[in-house]
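Trainee: Once you've had a glance at the structure underneath, I'll fire off some questions.
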Amino acid sequence: MKTLPVVTGCLLALAYVQAGSYHEFEVYNVRPETREQLMELLKWRNAEVDADFWDTPKVGRNARLMVTREDHKRAEEFLEQHDIEYDLVAEDVQELLNREQRRNVEHGRRLKRDSNSRATVNFEHFWTLAEIYDYLDELAVAYNGLVRVSEIGRTYEDRPIKAITISTRGTIDQTRPIVFMDGGIHAREWAGVMSVMYMIHEFVEHSEDYADQLSNTDYVIVPVANPDGYAYTHEQNRLWRKNRSRGNVLCYGVDLNRNFPFMWDRTTTECTNNFAGHAASSENETKALIALMDQYKAAIRMYLAVHTYGEMILWPWGYDFQHAPNADDLQRLGERARDALVAAGGPEYEVGNSADVLYTATGATDDYAYSLGVPYSYTIELTGGGTEGFDLPATDLPRVTSQTFELLKVFGQHAGTLSLTP
């Protein structure tokens, strides 16, 4: 029987709570070269071992992995036992995060808006929840023939969960194909949220440039599917991933992307990063997204879940090593989107089945949407985090968000060609 580092499921969460910082945490770059090595690494993620992957691990690529300093020796022994290549890249995670924050703040201070820019808002910093919601509300007032903004639910901490619809008819009557999209279901994935916001900005404030696409396709978007967690990453703990519901006397949060009621499974304990909840659909945020999908499911033809990081376009099924019936169509469209990103100067994403490319995962949003009959359902893992911090440098946001928009447009354009009849 193979041994794992002795790291309890609660250790990372409790170590942070006890210390109030990440000074006692370290980050490794790990690089599995075989499927067997990847499976061993994923035991840290899927079992009772709560090592924190900052990037999605995959064969032949580096992924950043955070552990407590106390587990430094055990982690290295485990990696060496399985011949997994690794480098210690940060001995003090808190200092890494502090440098990242200082760099972004300094960039914000230096930033001078170009008076000739087409942007009416600043996409060179990571927006807070208040900034996002204020902007959505402003769009609803200024573009009331195109946009509707609604509250679709309340979080555990009683924050609103907001959705925006974009339709040249003003309201969505479900006579045209719908693209349903969400971002920020994992709280710390700020660049994914900003890419969704950039798409909203372009389609609304520059709708005339996309008249052909918007004339036959409507959009339903939840830019921040995890408002409590997102606010918490800005205010308290940059690396928080889950929502903020109370799990037990020690630990908070559910991984909302494991909480959906298709092939749900309670796989881990409350203090792990991917805790699926005590029951399927247990969380307010999950219920709100399910109700919104149910409202529009007759016309949803495309579902997009925007995440970071990994440079991948993934399609169902993810719960098991079983391909969706229209796998060939899903693959072809994913490759077209990838090619559009490359043509815009972006990296070449890997396209494929979720379980084949990564690993199996139950209770995820893309599988749930596909189970409702949405014929095209994808999880998009955007390009990587910063080399000197968890996230992209803010200076890279304009490039990444604009390149990602080219990828997202391909999915929307295809949605507009699909029939609403079975």
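Every number here is computed from the coordinates shown, using simple stated rules; none is lab data. All of these numbers come straight from a predicted model, not from anything done at the bench. FYI the Cβ positions are ideal-geometry reconstructions off the backbone, even for glycines, and counts take in every protein chain you see.
Trainee: Please list, ordered by chain and number, the residues whose modelled amide H lies under 5 Å from the amide H of Tyr252; skip anything fewer than 5 residues away on the same chain.
Mentor: Those qualifying (amide H under 5 Å, at least 5 residues apart or on another chain) are Gly247.
Trainee: Want the number for Thr128 to Ser419: 0.36 nm per residue separation, take away the alpha-carbon distance, what's left?
Mentor: 101.0 nm
Trainee: If you don't mind, another one. Set the Förster radius R0 to 30 Å, insert the Cβ-Cβ distance between Glu208 and Asp396 as r into 1/(1 + (r/R0)^6), and round the FRET efficiency to 0.05.
Mentor: 0.60
Trainee: With Cα extents along the principal axes in Å as the read-out, I listed [x] 81, 62, 57; [y] 89, 65, 38; [z] 60, 51, 43; which label goes with the value calculated from this structure?
Mentor: Comparing each candidate, only [z] matches the computed number.
Trainee: Find, among the chymotrypsin sites (Phe, Trp or Tyr not before Pro) in the range 295-338, those assigned to loop by DSSP (not H, G, I, E, B) with at most 14 other beta-carbon atoms within 10 angstrom.
Mentor: Phe321
Trainee: Please tell me the relative contact order of the chain in percent, rounded to the nearest whole number, where contacts are Cα pairs under 8 Å and at least six residues apart.
Mentor: So the answer I get is 17 percent.
Trainee: What are the DSSP H helices in the chain that stretch 15 Å or more along their long axis, judged by alpha-carbon atoms, and whose average Kyte-Doolittle hydropathy comes to at least -1.0?
Mentor: On the way: long enough: 35-46 (16 Å, -1.21); 93-110 (26 Å, -1.92); 129-142 (20 Å, 0.64); 190-205 (22 Å, 0.86); 284-296 (19 Å, -0.18); 327-343 (24 Å, -0.51); 397-415 (27 Å, 0.05).
Result, helices passing both filters: 129-142, 190-205, 284-296, 327-343, 397-415.
Trainee: Once you put a point 7 Å from the Cα of Thr175 and another 7 Å from the Cα of Ala344, both along the Cβ direction, what distance in nm separates them?
Mentor: Taking the two extended label points, one gets 3.1 nm.
Trainee: Further question: Given only helices, namely DSSP H runs of n ≥ 4 each adding -39500 (n - 2.57), what is the per-residue ellipticity at 222 nm of the chain, to the nearest 500 deg cm²/dmol? It would help to have the intermediate numbers written out before the result.
Mentor: On the way: 13 runs with 152 residues, N = 422.
Theoretical 222 nm ellipticity from helices: -11000 deg cm²/dmol.
Trainee: What is the distance, in nm, between label points placed 7 Å from the Cα along the Cα-to-Cβ direction at Asn98 and at Ala327?
Mentor: Reported label-point gap for Asn98 and Ala327 is 5.0 nm.
Trainee: Extension gain Ser21-Val141, at 0.36 nm per residue separation less the Cα-Cα distance, in nm?
Mentor: Extra length available between Ser21 and Val141 comes to 39.1 nm.
Trainee: I'd like the GluC sites (Glu not before Pro) in the range 296-362 restricted to DSSP loop residues with at most 13 other Cβ atoms within 10 Å, sorted by number.
Mentor: Filter output for the range 296-362: Glu348.
Trainee: How far, in nm, would the chain grow between Ala298 and Asn248 when pulled straight, counting 0.36 nm per residue and subtracting the alpha carbon separation?
Mentor: 14.2 nm
Trainee: Just add up the charged neighbours of Tyr133: K/R +1, D/E -1, any other residue whose Cβ is under 13 Å from the Cβ of Tyr133. Write down the numbers at each step before the final one.
Mentor: Numbers: positive: Arg159, Lys162; negative: Glu131, Asp134, Asp137, Glu138, Glu151.
Value of the local net charge: -3.
Trainee: Shifting gears a bit: Quick one: if you stick a label point 7 Å off each Cα along the C-beta vector at Lys73 and Lys43, how many nm between them?
Mentor: 2.1 nm
Trainee: Indicate, rounded to the nearest 5 percent, the antiparallel portion of the DSSP beta bridges found entirely in the chain.
Mentor: 55 percent
Trainee: Can you give the net charge of the other residues whose Cβ lies under 13 Å from the Cβ of Ile185, counting K and R as +1 and D and E as -1?
Mentor: Values: positive: Arg188, Arg241, Lys242, Arg258; negative: Asp182, Glu189, Asp228, Asp255, Glu283, Glu285, Asp366, Glu381.
With Lys, Arg at +1 and Asp, Glu at -1, the neighbours total -4.
Trainee: Counting Lys +1, Arg +1, Asp -1, Glu -1, what net charge surrounds Glu91 among other residues with beta carbon under 11 Å of its beta carbon?
Mentor: Result for the neighbourhood of Glu91: -3.
Trainee: Here is a follow-up. Once amide H atoms are built 1.01 Å from N in the peptide plane, which residues 5 or more positions from Ile300, or in another chain, come under 5 Å H to H?
Mentor: Ile178
Trainee: Once R0 is set to 41 Å, what does the formula 1/(1 + (r/R0)^6) return for the Cβ-Cβ distance between Ser371 and Asp87, expressed as a FRET efficiency to the nearest 0.05?
Mentor: 0.50
Trainee: Enumerate the calculated ³J(HN,Hα) couplings along the range 246-263 in order (Karplus 6.51 cos²θ - 1.76 cosθ + 1.60, θ = phi - 60°), each rounded to whole Hz, writing x wherever the residue is Gly or Pro.
Mentor: Values per residue, Gly and Pro as x: 7, x, 7, 5, 10, 10, 10, x, 10, 6, 4, 7, 10, 9, 7, x, 9, 6 Hz.
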